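The values are calculated or read from the model by the stated rules, or taken from the named source; none is laboratory data. Note that the structure is a prediction, hence the values are computed from the model and not measured. Ideal geometry is used to build each Cβ from the backbone, glycine not excepted, and the neighbour counts take in all protein chains shown. The area values use the complete protein model at the heavy-atom level, side chains included, leaving out ligands, DNA and RNA. Shrake-Rupley method; radii C 1.70, N 1.55, O 1.52, S 1.80 Å.
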Amino acid sequence: NKYTKICKDFCNKGIDNLYCFYLKTTLREKKFTIISSDCWGGGIYEDVKMEYKTPTVGLFFHPKCYLTLVSNLESYINLELKFIQSSKYDTANELRKNSNNYPIALLGSDIEIHFLHYSNQEEALNKWNRRKNRILFDKILLAFTDDEGCTYNDLLFFDALKYPKVVFTSKQYKNILSSVFLKHLKHQKSVGDLYTNKWHTRKYFNPAKWINRSFHQMNNSI
């Protein structure tokens with residue numbers, strides 16, 4: 001009934017707040033940039049109540065576009081956005097029909113950025129440019145998923161990139177060292193929307209430990 005739902009929502013909000021408090025208090029590294037293939041990375045900044053140090057907020061990339069970007073990040077990120085009317089991906093064009101035709105832009109000639117949570121091109125452009133200027137190029141972390149038709153070869157390519165990284169998968173890949181297997185999703189084709197369903201990753205992965213460990217190892221290697 002209505003009161004049961006109110007109690008459940010109250011308890012869930014309390015658990016969520018406790019989790020975010022724990023995350024914030026255990027996060028030693030306060031300056032970092034997560035370049036994420038979807039909204040997950042932006043959610044980490046929100047959880048620890050920090051300013052976004054990344055432009056990859058409220059948007060997503062298809063795997064090939066994301067991997068092209070992060071394989072030559074400094075060159076691509078400084079290119080100007082060029083907005084386009086339709087995507088080269090049929091699934092994206094179908095999604096846009098049900099999402100108020102969200103803006104799409106190109107970086108260079110081959111990287112599509114899908115501004116899923118933006119209402120117009122002006123908003124997308126302003127926020128992308130403002131946030132990309134905050135990127136900490138010496139503090140880059142990468143976050144990827146097996147969503148949007150990601151292939152095994154895409155995972156191998158991602159795993160070989162030089163940055164600290166994590167990829168969330170619905171299948172177990174023992175030879176993909178950066179993968180985190182979300183085993184409760186093993187019957188799904190991919191992990192899906194990890195920003196809305198935050199506990200899908202929270203059960204298996206601690207971003208504070210990941211960030212702290214990544215930069216501790218990086219500092220020790222200098």
Just checking, which of Glu122, Glu74, Glu94 is in contact (Cβ under 8 Å) with a residue 12 or more places away in the chain, surrounded by fewer than 17 Cβ atoms within 10 Å (Cβ to Cβ), of a type in the set (Asp, Glu) and not in a loop (DSSP other than H, G, I, E, B)? Glu74
Within the stretch 141-153, work out how many residues are surrounded by fewer than 21 Cβ atoms within 10 Å (Cβ to Cβ) and at negative phi. 3
Members of the stretch 33-66 found to be within 19 Å of Ala105 (Cβ to Cβ), open to solvent by 10 Å² or more (accessible area, probe 1.4 Å) and assigned to a helix (DSSP H, G or I), listed by number: Lys64
For the stretch 145-152, state whether one or more residues are more than 25 Å from Tyr19 (Cβ to Cβ) and not in a loop (DSSP other than H, G, I, E, B). yes
Under 7 Å by Cβ, and 6 or more places apart or on different chains, what pairs join a residue from the stretch 161-178 that is more than 18 Å from Ser190 (Cα to Cα) and open to solvent by 10 Å² or more (accessible area, probe 1.4 Å) with one that is of a type in the set (S, T, N, Q) and not in a loop (DSSP other than H, G, I, E, B)? Leu161/Ser71; Pro164/Ser214
I'm checking my understanding of the structure. Among residues of the stretch 199-211 that are out of contact with any strand residue (DSSP E or B) (no Cβ under 7 Å at 6 or more places or on another chain) and buried (at least 17 other Cβ atoms within 10 Å of the Cβ), which one is nearest to Leu177 (Cα to Cα)? Pro207
